[in-house]
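Since the structure comes first, as structure tokens, the remarks are kept for the end.
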Amino acid sequence: MFALLGASCLLVSMDRRIFWVFASGIRHDLGLTHTQVQMASEAVQLGLGVASLGAGYLVRIANRKGLAITGLLMASLATSATAYVLDFQSMFAVRLVVGAGVALHCLAILTIGINCFPRHRANVVAAVIFFMGAGALIGVNLGTIIGEVTDWQGTLIAFGLAGLPLAIAIFVFVKPWFSEAVLPQRWNIQPVQPPPASSIWSRRVLLLGLMTVLLSLCVSSFRDNYLFHIREEGGFSWQFGQLAVSAYGFGNLFAFYGASVLRRYGARSALIASFALTGILSFCIFTMSWEYTFAHVTLSILLGIALGGIATVSLLLQMIDSVVAAQRPPVMGLFFTCLITPTILSNNLCQIAEQAMGYAVAGLVLMSGSALIAAALATQLPARQRTLRRT
């Protein structure tokens, strides 16, 4: 049953990313400006970031299976509706709905998995991160292939309609005893660390949230500066630049590796190491001249592993473990709000830094600075990881 939910998470992640593949065709056919297309693309991120916190509170009190189906249908039908819009306002609105649907769907799946598999919650978190990363990669590449034989409208309609059979399958095969499971009372968290907080606004949660914002700024700085850096200062083509930047997405496929690192070394060590590695990689990316294309792709993948595979999993799981069971859905919503929303707000910051310092220096300062601050904050976390034991 969880595999079925994972497949649906993969699909909504494909819906989230497919729009940018056809941005050029959409801009041409609808007569939109480049800025309007970019805003429509970022509307998904805005919807996901803004809706996540509210969706977390909703998942806590409502039927999780119903919310998972609702989120899937919202994202799928809004993706199909994108093919029929005629102006920027309508386009922006439907992309907002896609983001809100993704937030509702993924948070419902995370809550279902964590309550059903309390001893394996690290693997549940890793699985959702893995499916989201795989969906983004598959969506971009599959959309490009399908787009060669049909127009962008037909491709978006096909991707959207693919959610209907999955919604029916979830309704039929995911049983209430699985989707609405409650964490048994016999599973208690031993106080080897500070006890879990009863509010998502505790000091530890806010510390982890700030580190998540810094992680988001690292990713945004990389994506906004690296593409132009290797094009204008490295002399590579636009197509290769996109390939090198998209290689970062492979890092999410190492989410299970990130979970194993977390279990073995604890969140404090994992986060310090991953952010320190990010600082080193940012120096290599923006200061060294690489003549070979594989070097750029390799550095991008390594950065994805450090941030997407290790740091993201560690931060989300630590936020989950920092609160009592009743506050876990809202704190997961807070995590996605901290992770997604800054990517939109950081665009202006990156542009200001680019104009003042150039692409290379701006990327280095923003990435390495954010990573080093996050590593310093990680030293404030407890040295040992909380464990689950049967009493």
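Counting other C-beta atoms within 10 Å, which of 208, 215 has the fewest, and how do the rest follow?
Numbers: 208 30, 215 27.
Fewest-to-most Cβ neighbours within 10 Å comes out as 215, 208.
For the chain, which semi-axes, largest first and in whole Å, follow from the square roots of 5 times the eigenvalues of its Cα gyration tensor? Walk me through the numbers on the way to the answer.
Details: eigenvalues 203, 159, 56 Å².
Rounded to whole Å, the semi-axes are 32, 28, 17.
Just how large is the dipole of segment 1-180 about the Cα centre, in debye to the nearest 20, putting +1 at every Lys and Arg Cβ and -1 at every Asp and Glu Cβ?
720
Mind telling me which of 333, 25, 135 comes out most flexible in a GNM of the chain, alpha-carbon contacts under 10 Å?
25
Which one of 75, 39, 213 is farthest out on the positive end of the charge dipole of the chain, using unit charges on Cβ (Lys, Arg +1; Asp, Glu -1) and the Cα centre as origin?
213
In Å, what is the Rg of the alpha-carbon atoms in segment 1-180, and how long is Dmax?
That works out to 16.1, 53 Å for Rg and Dmax.
In what order do 65, 175 fall by count of nearby beta-carbon atoms within 10 Å, going from fewest to most? Kindly include the intermediate steps, with their values, before the conclusion.
Numbers: 65 20, 175 11.
With the sparsest Cβ surroundings first, the list reads 175, 65.
With the radius of gyration and the Kirkwood radius both derived from the Cα set of segment 237-351, what is their ratio Rg to Rh? Please list the in-between numbers first.
Numbers: Rg = 15.9 Å, Rh = 15.5 Å.
On the Cα set of segment 237-351, Rg over Rh gives 1.03.
All of the numbers you see were taken from the coordinates with simple rules; none came from a lab. This one's a predicted model, so the numbers in the text were calculated from it and none came from an experiment. Quick reminder, even Gly has a Cβ in these numbers, built from the backbone with ideal geometry, and neighbours come from all protein chains shown.
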